[in-house]
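Read through the structure below, which is laid out as structure tokens, and then see the notes.
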Amino acid sequence: MKSKKACYPYVVWMVLFVVVPMLMVVFFAFTDKSGNFTFQNLLGVGQYSNVFLRSIWLGAIATVICLVLGFPLAYLIARTGRKSQNVMVMLIMLPMWMNFLLRTYAWMTLLEDNGILNQLFEAVGLPKLQMINTAGAVVLGMVYNYLPFMILPIYSILTKMDSSVIEAAQDLGADKRQVFLKVTLPMSTPGIISGVTMVFVPAVSTFIISKMLGGGANLLIGDLIDMQFLGSAYNPNLGSAISLVLMVLILICMGIMNQFDDGEESNGGLMI
Amino acid sequence: MKVLSKVYCFFIYLFLYAPIVVLIVFSFNDSTTMSRSVWSGFSFKWYGQLFSDRLIMQALGNTILIAVVAAVVSTILGTAAAIGINSLKRWPRRLVMNITNLPMVNPEIVTGVSMMLLFVIAVRAINTSLGIGSIMIAHITFCLPYVILSVKPKLSQMDQNLYEAALDLGYRPSQAFLKVVFPEIIPGIVTGMIMAFTLSIDDFIISYFTSGTTQTLPIYIYSMTRKRISPEINALSTLLFAIVLVLLLIVNLRKEKENKEILHEEEEP
């Protein structure tokens, strides 16, 4: 089929609404209010380094928790019978169909000072806990919202895995632990990597979870950007500089992750 | 061990569903103070009020209109693009695919503010304001990659000779496309369209930056979270959740039936 022309409207669309806007972010990041070239915005990002560190730190903790909670579940689902497997996967996806603002709001109901969890604690005689407006609540919100993004890619790799490879390992004398560490885990790396990126990227750049569950004290990069564009601190130039730094940061993280992936793949290739 | 894994699964699912149960339970709460954690009796009153709330209904209408337009336009543009990309040479193809991946790897908030920068200037130039049009453009843009990624694999799986055979047998290119290529890739097109529709309905971040003063349902919910969310919204999301649940059950049951039929056919000699 020779039909190159069919993608021209798409290319024009993407240049107009993806490439041009990206270039505008770069342009705004390097100019001041009257359009003169400046490094001031990028230098100004430096004063928010604590916010950047907090975002990366909380995002990383949430990603690790998602991996630790999600991998065993994906593994268990992949090991059950086909019929209940479908139901279990559906039940993982179903919550994503409810608006995530509402689900996060529901956590406010559960966590707040006179909320449902504290009422429960009181009923069984435990002391009340300050849960809402803490960094822990923000991490909980991230884990809650992005856990399915970790489970699903790992699950799909694990179900596609050729069971004869595992049998071969068992035949060659590997015990359960060795089979898991030397066969199952390395072969599921691509799933883990896409899961980690799918959790880490939105977690680092979120601004709603921190706003709703973190109170004012747990400002993240996303909140900073929001403030520069639609908030009180209106300054699109600084906002663009922060966005640019965030973008570069995430590209670097993904570059490192992909490097890791390639290494594993070439090992697999050698084996064959 | 078996018991242990069952307990583990139970706790993860409990964690995933606890907030949803809370939402659903409080949609039936007979409170007058809009309290979000005190139970004061069973009632349907929020369901009744929901349908007479003009603002919510308007936001819902906007959301559905935007999702339908975004799904249809991105499906048409994206399917054409997938076909075109398939016949590009190696380097241009890589370039186009990299641009396609850009909105997917970029944090949503960056995509949102970048489009806001463009729209704010464009809107000033043609003397209108941000609104339903700019949200539609933004939604079409972030839906396009998903459509392409679900159509393209179907195209590569297809036997390229089929199309040429159809031409040899006297079909015009348009006929050959409609009668040979289209039936092969239709599952990918449908998947892409459903994905586009659901992504658009649920999107908050990109809409938030490109909407101006127009309300979609997620934006309306967000503006309420800053005060108190009316239980009407709980009622609405309970209804939406129920609809999705029923749809998924129907799809699953149909799949199971199909699988059974295939099995039966295989068993019969």
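Observations on the structure shown:
- Magnitude of the charge dipole for segment A:48-271, about its Cα centre and with charges confined to Cβ atoms of Lys, Arg (+1) and Asp, Glu (-1), is about 360 debye.
- Under-5 Å amide H pairs with residue A:31, H placed in peptide plane, nonlocal only: A:38
- Cα gyration tensor shape for segment B:1-152, rounded if a/c is under 1.5, else prolate or oblate: oblate
- Centre separation in Å (Cα based) which lies between segment A:123-199 and segment B:126-146: 36 Å
- Between segment B:1-74 and segment A:62-108, the C-alpha centres lie 18 angstrom from each other.
- Across the cross-link table entries A:160/B:152; A:33/A:211; A:5/B:154, which are compared at the Cα atoms, the separations over 23 Å belong to A:33/A:211.
- Mean sequence separation of contacting Cα pairs (under 8 Å, at least six apart), scaled by the length of segment B:103-212, corresponds to a relative contact order of 49 percent.
- The distance separating the Cα centre of segment B:191-205 from that of segment A:1-52 comes to 24 Å.
- For the protein assembly as shown: rounded, prolate or oblate by the Cα gyration tensor [a/c cutoff 1.5]: rounded
- Within 10 Å of each Cβ in B:11-18, the average number of Cβ atoms from other chains: 5
- Over chain A, relative contact order from alpha-carbon pairs under 8 Å, at least 6 apart, %: 27 percent
- Toward the positive end of the charge dipole of chain B, with +1 on the Cβ of Lys and Arg and -1 on the Cβ of Asp and Glu, the farthest Cα among B:55, B:74, B:9 is that of B:55.
- Of B:227, A:5, the sequence from fewest to most neighbouring Cβ atoms within 10 angstrom is B:227, A:5.
- Peptide B:115-125 is shielded by partner chain Cβ atoms: per residue, an average of 4 of them sit within 10 Å of its Cβ.
- Label point distance in nm, residue A:34-residue B:14, each placed 7 Å from Cα along Cα→Cβ: 6.4 nm
- Ordering B:164, A:112, B:261 by the number of other Cβ atoms within 10 Å of each residue's own Cβ, fewest first, gives B:261, B:164, A:112.
- Residue exposure proxy: B:5, A:84, ordered by other Cβ atoms within 10 angstrom of their Cβ from fewest to most, comes out as A:84, B:5.
- Shielding by other protein chains, A:250-256, mean Cβ within 10 Å: 1
- When shorter helices are ignored and each DSSP H run of at least 4 residues is given -39500 (n - 2.57), the per-residue value for chain A at 222 nm works out to -23000 deg cm²/dmol.
- Charge dipole magnitude, Cβ of K and R +1, D and E -1 - chain B, Cα centre, debye nearest 20: 920 debye
- Dividing the helix sum by the residues of chain B, where each DSSP H run of 4 or more adds -39500 (n - 2.57), gives a mean residue ellipticity at 222 nm of -26500 deg cm²/dmol.
- Karplus (6.51, -1.76, 1.60) ³J(HN,Hα), θ = phi - 60°, over segment A:74-79, in Hz, Gly and Pro reported as x: 4, 5, 5, 4, 5, 8
Readers should treat all values here as calculations from the given coordinates under stated rules, not as data from a laboratory. Since the structure is predicted, the reported quantities are computational estimates derived from the model, not experimental observations. In this analysis, Cβ positions are derived from the backbone assuming ideal geometry, glycine residues included, and neighbour counts consider all displayed protein chains.
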